[in-house]
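The values are calculated or read from the model by the stated rules, or taken from the named source; none is laboratory data. Just so it is clear, the model here is predicted, and its values are computed rather than measured. Neighbour counts run over all protein chains shown; Cβ positions are idealised from the backbone, glycine included. Accessible surface is based on the protein model in full, side chains and every heavy atom, while ligands, DNA and RNA are left aside. Shrake-Rupley method; radii C 1.70, N 1.55, O 1.52, S 1.80 Å.
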Amino acid sequence: QVQLVESGGGLVQTGGSLRLSCVASGRSFTFIRYGMGWFRQAQRKEREFVAAIGRSAGTTYYADSVKGRFTISRDNTKNTVYLQMNTLKSEDTAVYYCAADDGLVLSTLSRRYDYWGQGTQVTVSS
């Protein structure tokens, strides 16, 4: 019903920046009704929360590990959520996933999200 497609990943040096995008679509899909989140999974590690943004963009959550460096935003006219990643570190290396949650309350828990993208690889080289 809902399709999420991430883009913008790649290889970047420590201290550099990347901007990830996630475009949502689907039959009878209403983007503004979904909270959106970014999660990441590093090799040999569990998936972890990165950032989330509410339907109106008035509420945002960030993991402590990225606060001050990453910014989540959304453009409801384009059905797109973004993750601006600055001052990247080697520990940011992971597959990044966007996810959509049709619940009424924005969540940082992966199990609360209903739809997931295929992921995009971010590799930070030192």
Residues within segment 18-63 that are over 10 Å from the mean Cα position of the chain (by Cα) and over 15 Å from Met85 (Cβ atoms), tallied: 26
Can you tell me which residues in segment 61-80 are surrounded by 14 or more Cβ atoms within 10 Å (Cβ to Cβ) and either of a type in the set (Phe, Trp, Tyr) or farther than 20 Å from Gln121 by Cα (or both)? Tyr61, Tyr62, Phe70, Arg74, Asn76, Asn79
Every pair of residues 6+ apart whose Cβ atoms lie under 7 Å, when the first sits in segment 100-111 and is outside any loop (DSSP other than H, G, I, E, B) while the second is open to solvent by 40 Å² or more (accessible area, probe 1.4 Å): Ala100/Asp114; Ala100/Tyr115; Asp101/Arg112; Asp101/Asp114; Ser110/Arg47
Tally time: how many residues in segment 81-126 are in contact with a helix residue (DSSP H, G or I) (Cβ under 9 Å, 6 or more places away or on another chain), of a type in the set (D, E, K, R) and surrounded by fewer than 18 Cβ atoms within 10 Å (Cβ to Cβ)? 1
Looking only at segment 28-52, and only at residues there that are open to solvent by less than 100 Å² (accessible area, probe 1.4 Å) and assigned to a helix (DSSP H, G or I), the one that is farthest from Tyr115 (Cα to Cα): Ile32
